[in-house]
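**Q** What follows is a single structure, and I will ask about it in a moment.
Every number in this text was worked out from the coordinates using simple rules, so none of it is lab data. Fair warning: this is a prediction, and the values are worked out from it, not measured in the lab. Note that each Cβ is placed from the backbone with ideal geometry, even for glycine, and that neighbours are counted across all protein chains shown.
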Amino acid sequence: MSAGTSLSSLQRIFISTTIDHLIAVPDEHADSVVVSDRIIDEITKILASKKGGTLFAVIFIDIDDYEQAYALLKSFKPSDLAYRIVAMDPENRHTLSNMGRLKYIHELRTTPIMDREFIFLVRKSFDAMVDEIAAAAERQSYQIRLMDAKHDQEDLISIGKSLSLEKDPDKLLRSILFLSKRITGADAGSIYLVEDATGGGTQLRFKYSHTFSKEIPMEEFVIPYDTNSIAGYVAITGTVLNIPDVYELSTEDPITFNSNFDRTQSYRSKSMLVVPMRNHIDEIIGVIQLINSKENLDSASVTGNEAFEVRLTTLEDFETKVVPFDHRYESLMEAVASQAAIAIENNRMIRQIENQFEEFVRASVTAIESRDVATSGHSFRVAEICTRLAHAVNQATDGPFKHVNFNENAVKELEYAALLHDFGKVYIDIAIFMKGKKLFPKEFENLILKMNYLYRSIELNYSLEEAQIAVRGADPALIEEARTRKEERERTLAAIKVIIEEVRRLNEPAVTVTDIERRICEIDETVRGFRCYDIDGNIVRVLTDDEKTNLGIPRGSLNESERREIESHVVHTYNFVSKIPWPPEFKRIPEIALKHHEKLDGSGYPNRLTAGDIPIQAKMMAIADIYDALTASDRPYKKALPAERALSILDDEAKHNKIDPELFRLFVEKRIYEQVGTGSVAAP
Ligand SMILES: [Fe+2]
Ligand SMILES: [Fe+2]
């Protein structure tokens, strides 16, 4: 083929033929003339011999051969063959009725084509085809840009979504870097975060890094917050850097590349895109640095996603497969980095709120527990047991807990409920909790004082009577009367002493007396019979109704109203914790805390619920609560029970349908009771 004229870059061919009949074309009018009696064979041959590009053809054809030729021409790919058909019909063989079928004919000639006309026709056809191809290429480029923009937008939306969902800060950074690399087809990348330095000032922390083509161990380190490093320069100036080859930076450039990493890791950093991470108030909180884009920009099919997975192993790979980052990624990555910055800040804030909340809860519990030194630590231990029990439930692979799972939030919810379960005790008179005997110490002291007063007053009365007898004379009858009085006095005083001792014994919570009420009534009657007066002459009520009620407590040291008051702590707890604006994942805290004293058989309080109405968390808490109450030496008068004894009491409770037997089994089997206070409760 001879060299082209105005269409030199295009490979072209004029095929001037009919299937059976040839039309001669003068040489000077064309770069090449192929004369063949089989157009299709010829085209196929030419296509096979040429390397790529589109073959342009103006095909002159007899109208009778049109349909057969067109059917064959259609089988070529448009990218291989662009053609125009000029149909020759000198004998006017086509009719109006077959016009519809001739629609792919670009020119229909009924008269012979003259030389000049032929050249004009061929040139015109070529120009039209070239314009068409150029327009198609432009359309395709618009389409690619449109698709790129669509992908970018989708990427941004999905990044925004996935970043806002990630709660774990480390996973968040991993996600940010992974998505950034995938979008841009980068082989490696790092995230630097701006932070306060320990000794004051600011520093940049190399926080996370990943290289696709190479397993490189990651270690955090800090670099100065200055413009000497590329990351520092971007963090301070906020400039986006898109460097085609970092080794080609000149001394004129404001930045220098530190090749330490490349040397130690046998890597070749080449193209680099570094963007600042700006938060919602436009502060730069870090930098994303992407290295070595592998995106083949000439291939529409290899975009970031696929390019990301191209592995760079040999030096040649770095030379041939690494390209500069496409300019459109500068603004796209800025947007991604801003989303990342906001996600990081949100994450930090959530952590901060969670920490503050946790600290607040713990400080509140510590404050309540410090009211009563003896019980301090109870709520923390109950929370620890509950958390361990929840993990044990999660680990169960069979049995009733096979399908029960507490996720991280649910475990936290249980922990908070347990920490606060006795918060309502703050509303209750501490003296009731401290009450070790049936009467409060002051009440008991007062009662004994009254008894002593009674004793002395009776003693005095007798002494006065004896004195009066002595004054009346010394005849035998009077002497006898005095003796009788003396004996009576001794008996009475001895009886009072016995009563005082009995009252002391009755005040002990452990003392059980059969028919205690009747005994107290007898004492009351005896004491009333002594008729004791105060200095105004009023009868002194030695044993009041309250004292009688309290001394008559059949079991323990609390009377009915005190017991009810103590029990009301769960309702106070509920009312208090219900006022806390818990996030949705902790919404059951008030309910769990409210139900920690309910029993499976409906004998618990405050609502006498039965098994089906008590959430599993409250059942777990009941076990933890009882176990700790039994084993803690929380009162000077109360002995701490050894673990075996506490377990046997709990076992009894389980057998009597008070506590959940399956949870108790887990509590024993996993020896959870042994682990309390042994360290942090991390999920296994
Ligand atoms: Fe409680
Ligand atoms: Fe408790």
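**Q** Averaging over every viewing direction, what projected area does the convex hull of the Cα atoms of the chain cover, in nm²? If you can, show how the numbers build up before the last one.
**A** Details: hull surface 228.8 nm².
With the hull built on Cα positions only, its mean projection is 57.2 nm².
**Q** Still on this structure, please answer the following. Give me the lysines in straight-line cross-link reach of Lys74: C-alpha distance below 28 Å, same-chain residues under 8 apart excluded.
**A** Lys45, Lys50, Lys51, Lys103, Lys124
**Q** Does the range 185-256 classify as rounded, prolate or oblate by the C-alpha gyration tensor (a ≥ b ≥ c root eigenvalues; a/c under 1.5 gives rounded; else a/b over b/c gives prolate, otherwise oblate)? Write out the running numbers ahead of the final one.
**A** On the way: a/c = 2.24, a/b = 1.10, b/c = 2.04.
Oblate, because a/c is 1.5 or more while a/b does not exceed b/c.
**Q** Which FRET efficiency, nearest 0.05, do Val498 and Arg588 yield, Cβ-Cβ r, R0 51 Å? Provide the component values of the computation, followed by the final result.
**A** Working: r = 57 Å, r/R0 = 1.12.
E(calc), rounded to 0.05, equals 0.35.
**Q** Just subtract the alpha-carbon distance of Tyr427 and Glu644 from 0.36 nm times their residue separation and send over the number in nm, one decimal. Could the numbers behind the result be given before it?
**A** On the way: separation 217, 0.36 × 217 = 78.12 nm, distance 3.38 nm.
Stretched out fully, the Tyr427 to Glu644 stretch lengthens by 74.7 nm.
**Q** A further question follows. So if I take the centroid of the Cα atoms in the range 255-295 and the same for the range 556-589, what is the distance between those two points in Å?
**A** Cα centroid to Cα centroid, the span is 56 Å.
**Q** Between Tyr142 and Arg519, what is the label-point separation in nm under the 7 Å Cα-to-beta-carbon projection?
**A** Reported label-point gap for Arg519 and Tyr142 is 10.5 nm.
**Q** Ok, one more. Please report, in debye to the nearest 20, how large the charge dipole of the chain is about its Cα centre when each Lys and Arg carries +1 at its beta carbon and each Asp and Glu carries -1 there.
**A** Working: 84 positive and 109 negative charges, 394 e Å.
Using only the charged Cβ atoms, the result is roughly 1900 debye.
**Q** Please work out how much length the chain gains when fully extended from Ile216 to Leu449, using 0.36 nm per residue of separation minus the C-alpha to C-alpha distance, in nm with one decimal. Mind dumping the intermediate values first?
**A** Values: separation 233, 0.36 × 233 = 83.88 nm, distance 8.44 nm.
Result for the pair: 75.4 nm of gain on full extension.
**Q** In nm, give the distance between the simple-model label positions of Ser331 and Asp196, each being 7 Å from the Cα along the Cα-to-Cβ direction.
**A** Going from the Ser331 label point to the Asp196 one covers 3.8 nm.
**Q** Of His596, His151, His421, His94, how do they rank once you tally other Cβ atoms within 10 Å and put the fewest first?
**A** Values: His596 26, His151 15, His421 31, His94 18.
By the 10 Å Cβ count, ascending, the order reads His151, His94, His596, His421.
**Q** Now for a separate question. Quick one: P(r) of the range 166-349 from all Cα-Cα pairs, 5 Å bins, percents rounded to integers, in order of increasing distance.
**A** Result, from short to long distances: 1, 8, 17, 22, 22, 16, 9, 3, 1, 0, 0 percent.
**Q** Sticking with this structure for a sec: For the chain, what is the calculated [θ] at 222 nm in deg cm²/dmol (nearest 500), taking -39500 (n - 2.57) for each run of four or more DSSP H residues and dividing by its residue count?
**A** Details: 23 runs with 340 residues, N = 684.
Rounded to the nearest 500, the figure is -16000 deg cm²/dmol.
**Q** Given 0.36 nm per residue, what is the gain on full extension from Met349 to Asn405 after removing their alpha carbon distance, in nm? All intermediate terms of the calculation are to be shown ahead of the outcome.
**A** Values: separation 56, 0.36 × 56 = 20.16 nm, distance 2.80 nm.
Length gained, Met349 through Asn405: 17.4 nm.
**Q** Order these by the 10 Å Cβ neighbour count, fewest first: Phe257, Phe586, Phe60. Working shown, then result.
**A** On the way: Phe257 18, Phe586 21, Phe60 24.
Ranking Phe257, Phe586, Phe60 by Cβ neighbours within 10 Å, fewest first, gives Phe257, Phe586, Phe60.
**Q** Given a Förster radius of 51 Å and the C-beta distance between Ala510 and Ile157 as r, what FRET efficiency does 1/(1 + (r/R0)^6) yield to the nearest 0.05?
**A** Details: r = 71 Å, r/R0 = 1.39.
According to the calculation, E is roughly 0.10.
**Q** How large is the convex hull of the Cα atoms of the range 584-640 per residue, expressed in Å³ as a whole number? Numbers along the way, then the final one.
**A** Details: hull volume 5.7 nm³, N = 57.
With only Cα atoms used, the range 584-640 gives 100 Å³ per residue.
**Q** Moving on. Considering only Ser271, Ala57, Met129, whose Cα is most displaced toward the positive end of the charge dipole of the chain, charges sitting on Cβ of Lys, Arg (+1) and Asp, Glu (-1)?
**A** Looking along the dipole axis, the top candidate is Ser271.
**Q** Which parts of the range 344-388 would a label at Ser164 reach, counting a residue when its backbone N lies under 20 Å from a point 7 Å out along Cα-to-Cβ?
**A** Residues passing the 20 Å test: 344-354.
**Q** Excluding residues fewer than 8 places away in the same chain, name every one of the aspartates and glutamates whose C-alpha is closer than 16 Å to that of Lys214.
**A** By straight Cα distance, Lys214 reaches Asp187, Asp262, Glu309, Glu316, Asp317.
**Q** Between Asp545 and Asp131, what is the label-to-label distance in nm when each label sits 7 Å out along the Cα-to-Cβ direction?
**A** Computed distance between label sites Asp545 and Asp131 equals 11.5 nm.
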